């Protein structure tokens, strides 16, 4: 079977970094391009982080394209307390393999244009995985209104349904950052008859990476028993240094041991939907300012009588995914020696 053609739209970010590693490590995926939006960090930091992660993964040929500098409507807010001052925790990146290109003020959205070009070049075959606020994807659909009918699928890590939010009481970060863009993407794909697949916290928080998963990862890399903080090969060092900061964040703010790698799980579900329990339902995002901004409202029980416009994952097979993550990223580590 041919590998799935992927576009990853990222705001790299610790869990975005894990998503990029997983995509590169997956034999059933071919990463066409990584497009960048601000969210976890500024656009400049996201571009730098994305290039650095791909270089560490040995994917120097995958282009990194900068997109929007701001959400569609609201001012940009970033989250250094979650991902660290550079966006990648304690990780130290190599010098980029190619010069990093940033858009001038007022320039057209190059990421949106590249999304259009890739989907047009491979109609019906491209899966767009949105690990960031949906700004660039909405911009691509504005640029080419026929695009939602031409894309293979759109998978969005966004929102929370029955679980608590990680930004507001019920809101998730990507949805809160640019709720207008998320609504636009949901509507455009529904109108085209290709409803988005939304992976909310209800599913992605099943991907909680903890010490046993580190042990499985090092074993798959041929380094059984290797300790965190040891002299590790580049891919494992990136995972260790990034997740060490994320572990500290989760312990302080969520009182849990380990790290939710939401975006990597989302890439995995884009490649294998059996990793999630998915239902069709109507979904809309609250865009008004206030305590409910960014809330994803999913009518799971059909109380409103509204037609389903999205597919939503209500549960995730986190342990099965984490075993696969360990196997694939561990194997990648053996192929990339720095």
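Each listed q (0.11, 0.16 Å⁻¹) maps to a log10 I(q)/I(0) for the chain, found by the Debye formula over equal Cα scatterers with no solvent: -0.63, -1.43. The packing ranking of peptides 267-277, 171-181, highest mean first, is 171-181, 267-277, where packing means the average number of other beta carbon atoms within 10 angstrom of each residue. Across the range 194-279 the C-alpha pair distances fall into 5 Å bins from zero in the proportions 3, 13, 21, 20, 17, 14, 7, 3, 1, 0 percent.
With the simple model of a label 7 Å out from the Cα in the direction of the Cβ, residue 291 to residue 143 spans 4.0 nm. By other beta-carbon atoms within 10 Å, ranking 249, 141 with the fewest at the front produces 249, 141.
If the chain linking residue 164 and residue 301 were pulled fully straight, counting 0.36 nm for each residue of separation and taking away their Cα-Cα distance, it would gain 47.4 nm. From largest to smallest, the equivalent ellipsoid semi-axes obtained for the range 143-230 from the alpha-carbon gyration tensor read 35, 19, 11 Å. In the range 4-335, what percentage of the DSSP-assigned beta bridges are antiparallel, given to the nearest 5? Beta bridges within the range 4-335, antiparallel portion: roughly 30 percent.
The stretch between residue 42 and residue 308, if pulled fully straight at 0.36 nm per residue, gains 92.3 nm over its current Cα-Cα span.
Here the contact order of the chain, divided by its residue count and restricted to Cα pairs under 8 Å and six or more residues apart, works out to 21 percent. Relative to the current alpha-carbon distance between residue 121 and residue 210, full extension at 0.36 nm per residue lengthens the span by 28.0 nm.
The angle between the Cα long axis of helix 43-56 and the longest principal axis of the Cα atoms of the chain comes to about 50 degrees, rounded to the nearest 10. Each of 81, 205 was scored by other Cβ atoms within 10 Å of its Cβ. Listed from fewest to most, they are 81, 205. The ranking of 250, 83 by Cβ neighbour count inside 10 Å, starting from the fewest, reads 250, 83. With just the Cα atoms defining each centre, how far is the range 101-147 from the range 203-281? Give it in Å. Using only Cα atoms to place each centre, the spacing works out to 28 Å. Working note: 222 nm ellipticity from helices only, DSSP H runs with n ≥ 4, each -39,500 (n - 2.57), summed and divided by the residues of the chain, gives -12000 deg cm²/dmol to the nearest 500.
If I fit a long axis through the Cα atoms of helix 110-121 and take the longest principal axis of the Cα atoms of the chain, what angle between them do I get, 0 to 90°, rounded to 10? Taking Cα atoms only, the helix is inclined about 80 degrees. Estimated translational diffusion coefficient (Stokes-Einstein, Kirkwood radius over Cα pairs, 4 °C, 1.567 mPa s) of the range 1-76: 103 µm² per second.
Bear in mind these aren't lab numbers, they're just calculated from the coordinates by the rules spelled out. Every value quoted in this text rests on a predicted model; they were computed, and no experiment measured them. Ideal geometry is used to build each Cβ from the backbone, glycine not excepted, and the neighbour counts take in all protein chains shown.
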